[in-house]
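Colleague: Would you mind keeping the following structure in view while I ask a few things?
The values are calculated or read from the model by the stated rules, or taken from the named source; none is laboratory data. Note that the structure is a prediction, hence the values are computed from the model and not measured. Neighbour counts run over all protein chains shown; Cβ positions are idealised from the backbone, glycine included.
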């Protein structure tokens, strides 16, 4: 199953009968799936179907904007009889009370509200055909958006795989650092203990021995390296399996960061600390890219 990004853009337009319509779809990162529709007045009937269709996506904030224009419909001109009657009654009432020229037809028709111009009334079948066409256009725009998200997902997969390769190489370098070998750790501890024994302060030998054991255990990063390797392998499997794995990879990124932080805290070797900081940088790059995955 292919990986998908949460970002993408698509548009689709068409003409059905007297209607010219256009869809613009844009998706951005989001914690869940959120469709934000902008529909022109009178087109609310397509909302439910559009929301059902977009559930083919798993995550992302999707902005869907529909514009519709009615073109080619013959205008219907009619007289608003109630307004005309009121105007004529007022004119009769004023007749003889003021000195004025008689009203002309064009003057009466120019009065606001007397003449109404509206689009030709559409039939129910025409409206249903237009709504079906608009929803068909939404399907095509959604398919184009999904294709773009998958294209970007493939690019993200390559980037994330490269980051995992870097993490694996750095973990191997950390494994091979001379300063983390048991002999080197024992030598450093022996030097530290010897320095403490030579001080005027009196130490309990048994307690000193216990503390040395604890320090040796703390200095060992074997457990952190093993967990790093396990997390890297799991991340690789998720990338290969594909699908909506963004959240699980985000969790693994947090775990990788936790192990690297612990490794840096335990490090008492300059080279190991340097590698730990490089690991932190790559993990952060991995985490940032994961945020874009569905």
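Colleague: Looking at 106, 139, which one is touching a helix residue (DSSP H, G or I) at 6+ places or on another chain (Cβ under 7 Å) and either surrounded by 13 or more Cβ atoms within 10 Å (Cβ to Cβ) or over 26 Å from residue 49 (Cα atoms) (or both)?
Modeller: The unique qualifying residue is 139.
Colleague: Given the conditions (1) free of Cβ contacts under 8 Å to residues at least 60 places away in the same chain; (2) surrounded by 14 or more Cβ atoms within 10 Å (Cβ to Cβ); (3) closer than 22 Å to residue 249 by Cβ, which single one is not true for residue 47?
Modeller: Failed condition: (3).
Colleague: Let me ask another. Given the conditions (1) within 23 Å of residue 153 (Cα to Cα); (2) at pLDDT 95 or above, which single one is not true for residue 230?
Modeller: So residue 230 meets the others, but not (1).
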